[in-house]
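For reference, the structure discussed in these notes is given below.
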Amino acid sequence: MSDNDDNKKRRPLKNLPPEGFQPKVMLIWLAIIAAIVALFYLNPSKAPQPAMLKMQQVAELADEGKIAEGIIRPDPSAGRDYYVVTGEVREPTLRNDTGLTRTFMAAGRLTDASFERLQKSQVFIEKPAQTAMTSLLYNILPFVIVIGLLYFLFVRQLRNAGKGALSFGKSRAKLLTREKDRLTFSDVAGCDEAKEEVREVVEFLKDPKKFQKIGGRIPKGILMVGPPGTGKTLLAKAIAGEADVPFFSISGSDFVEMFVGVGASRVRDMFEQGRKNAPCLIFIDEIDAVGRQRGAGLGGGNDEREQTLNSLLVEMDGFDTQEGVIIIAATNRPDVLDSALLRPGRFDRQVTIDLPDIIGREQILRVHARKIALSDNVDLSVIARGTPGLSGAELANLLNEAALLAARRNKKKVDMADVDEARDKILWGLSRRRVMDDAEKRLVAWHEAGHAVIQAVLDDGTMPVHKVTIIPRGQSLGSTTYLPSKDILTQPKKRMLNQICMAMGGRIAEEFVTGDFSNGAYGDIKQATRIARAMVCDYGMSELGPIALGENQDTVFLGRDITRSQHVSEDTARKIDTAVSEILNGEYKRAQRIIAEHRASLDKIAQALLEHETIEGKHVLEIVQHGEIKSPIVASKSAAGASAKPADRAAPAQESPGGAHAPAPSPA
């Protein structure tokens, strides 16, 4: 037997019943069994036919004690003293049309003597006469039960299935009510310019004549663009809270369905609902799910997503377009949207919601701090200065993590130490105590000391050293963090070269002390190489001149990495590699000279790390400038066992490139 035959035998069979208990299947089987029981046992027509006897025969059987039980009912339709007697004998000795039976029935006039004989046997029960209505109900009830079960099990399911099939093309846009979780512009912070642009839409909806008097026309569509977590959806909810008009909300993925044509039908139905409630607002979240550029796929052009996009384009600004429906869409991928969707008349205005600056971060923190009990020593401006590059969602998560940490420590309020610990956890991971021997700890200490020395010497005041630690956190065994004095919006060539030089400091410090270097600097080298290649290929900061030699962004759907070499010749690629190597080797030699000149400071910083595990940036500067630490080192043990920072100091910023000693990944 071949291997294919074995695989066929071992392959699980399809259409097998699911394993385990299925309540719905069990309920259906119980209903079917109940219907069968009701049909065959409650229907008297299906019961065995009794033997027809005379009243005298019944009285004789009663005298002989052969009757087990019986019922006596009056028969008013036949006349007075006429009865119907039914029952059964103890043994099947009676005969009917089909054979022997135990049941009998007698109808006729019952004398007083015979009635007394039946009562004397004490097996007969006297019951009232059975009316025509009771008899009819008794005969029809089983059929009613069966029909009701069939209706519940089958007809109702078919009706619901029919409704589902007919509702595939209906819009899934949800109408937001003003009473449920209402948000206003006061709940949105850090994007004042974006709020001003969308505020015009709200003012137009409240007073359209103000704009129409001078010939103004409200934009038909507003596209909110920005990185994830910057508050695009939150701003849309604020618009819904401010505008006193119907607000429909839908996601871009709700248009896509397994059936062909459903997406286009839902777009048409959504705009039809909007026209019925005009003026109204329709918010489409993650519009890039249906608004991607047409013709970019590898297959044919008859794509379901393209049909949905075509319907959306026509409804927004087509031949039969009516005023009153304003589209607000949000995406963090504007580069993949179709150009026809971005033109004026469809999305007239693009509102960019970027990462907040230091003022915006402080405003966002104040908004989210309303529901959190903060201690008096928590300075939100210091936290905002130490969290550059964080979005609004990340800042909200920062305060939430601080509140959870304070609750675990049984505190009544959140203090600065909790915020510091929460920020370090979010930015660099949870601190943990790895088992390291003295040799590894010394290696990490000198590695981080090398980063700290070079950064302290080369810093121009914009990125001073904030904290150096050899406590493992996240994927790193130690880290050197920096606190920017302001938001850095541009990167000059000199500062980027300093970053490469600083990244080389850890590897060089290891080599100076031990005569060898470890694989812990792989992250530093990788980051330094990325910066150097960006300087050569993207920024024009090399002898090759201001030429864009970076990635080709034209075919964004076919993979960007495979298109890099399509427009660069072999000779140019060789020059790029040479320029990158010159930058890296030049900064490596520069870092060697700096560490050789400050070898004493390197050793003292490393010894301080071995003694205290964590020192602040001011201690590093004191060692570099004065040769010793002059200010006291304050450290307290947190609940997690890691060194907690003093509550009155500034918050650390995001770690600069090459600022951590991380273990190399295990080989695949």
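All of K206, K213, K276 fail the test of being touching a residue at least 12 places away in the same chain (Cβ under 8 Å) and open to solvent by 10 Å² or more (accessible area, probe 1.4 Å), apart from K206. Residue selection: Y482 satisfies the criterion of being under 21 Å from E616 (Cβ atoms) and among the aromatic types (F, W, Y).
Residues in the stretch 40-75 that are at pLDDT below 80, within 19 Å of L100 (Cα to Cα) and not small (G, A, S): P44, K46, P48, Q49. K486 fulfils the conditions (1) among the charged types (D, E, K, R); (2) in a loop (DSSP other than H, G, I, E, B); (3) more than 39 Å from the chain's Cα centre (by Cα) except for a single criterion, (3).
So that you can scan it fast, the table gives a plain yes or no per residue for (1) more than 17 Å from P484 (Cβ to Cβ); (2) free of Cβ contacts under 8 Å to residues at least 40 places away in the same chain; (3) out of contact with any Lys or Arg (no Cβ under 8 Å at 6 or more places or on another chain); (4) hydroxyl-bearing (S, T, Y):
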{"site": "V378", "(1), (2), (3), (4)": "yes, no, yes, no"}
{"site": "G392", "(1), (2), (3), (4)": "yes, no, yes, no"}
{"site": "A396", "(1), (2), (3), (4)": "yes, yes, yes, no"}
{"site": "V419", "(1), (2), (3), (4)": "yes, no, yes, no"}
{"site": "G429", "(1), (2), (3), (4)": "yes, no, no, no"}
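Among residues of the stretch 518-537 that are open to solvent by 40 Å² or more (accessible area, probe 1.4 Å), those with a Cβ under 7 angstrom from a residue that is in a loop (DSSP other than H, G, I, E, B), sequence gap 6+ or separate chain, pair up as N519/A664; Y522/A664; Q527/P657; Q527/G658.
Kindly indicate whether any position in the stretch 436-444 is surrounded by 19 or more Cβ atoms within 10 Å (Cβ to Cβ), hydrophobic (A, V, I, L, M, F, W, C) and assigned to a helix (DSSP H, G or I). Yes, the conditions are met somewhere in the stretch 436-444.
Applying the criterion of at least 2 residues that are open to solvent by 40 Å² or more (accessible area, probe 1.4 Å) and at pLDDT 75 or above to the helices (runs of 4 or more DSSP H) found wholly in the stretch 98-183 leaves 112-120, 132-150. Checking each residue of the stretch 452-471 against the condition of being under 33 Å from the mean Cα position of the chain (by Cα) and either among the basic types (K, R) or open to solvent by less than 40 Å² (accessible area, probe 1.4 Å) (or both) gives at least one match. When R294 is tested against the conditions (1) at pLDDT 75 or above; (2) outside any helix (DSSP H, G or I); (3) open to solvent by less than 50 Å² (accessible area, probe 1.4 Å), the lone failure is (3). From the list Q607, Q553, Q625, Q566, the lone residue that is exposed (fewer than 14 other Cβ atoms within 10 Å of the Cβ), at pLDDT below 90 and closer than 22 Å to V457 by Cβ is Q625. I287 passes all but one of (1) modelled with pLDDT of 85 or more; (2) more than 19 Å from R349 (Cα to Cα); which number fails? For I287, the failing item is (2).
Inspection of the stretch 578-585 finds no residue satisfying the criterion of being within 13 Å of A452 (Cβ to Cβ) and surrounded by 20 or more Cβ atoms within 10 Å (Cβ to Cβ). Of everything in the stretch 360-376 that is open to solvent by 70 Å² or more (accessible area, probe 1.4 Å) and farther than 17 Å from F185 by Cβ, the residue that is nearest to the chain's Cα centre (by Cα) is K371. Check off (1) open to solvent by 20 Å² or more (accessible area, probe 1.4 Å); (2) over 27 Å from S476 (Cα atoms) for N400 and give me the number that stays unchecked. Looking at each condition in turn, N400 falls short on (2). Being touching a strand residue (DSSP E or B) at 6+ places or on another chain (Cβ under 6 Å) and either open to solvent by 60 Å² or more (accessible area, probe 1.4 Å) or assigned to a loop (DSSP other than H, G, I, E, B) (or both) is the filter here, so list the residues in the stretch 69-94 that pass it. Of everything in the stretch 69-94, those that are touching a strand residue (DSSP E or B) at 6+ places or on another chain (Cβ under 6 Å) and either open to solvent by 60 Å² or more (accessible area, probe 1.4 Å) or assigned to a loop (DSSP other than H, G, I, E, B) (or both) turn out to be E69, R73, D75, D81, Y82, R90, P92. Within the option set R590, R574, being surrounded by 15 or more Cβ atoms within 10 Å (Cβ to Cβ) and at pLDDT 90 or above holds for one residue only, R590.
The values are calculated or read from the model by the stated rules, or taken from the named source; none is laboratory data. Because the structure is predicted, anything quoted here is derived from the model rather than measured. A quick note on method: Cβ atoms are made from the backbone with ideal geometry, for glycine too, and the neighbour counts reach across all protein chains shown. The protein model used for the area step is the full one, side chains on, heavy atoms only, and it has no ligands, DNA or RNA in it. Shrake-Rupley method; radii C 1.70, N 1.55, O 1.52, S 1.80 Å.
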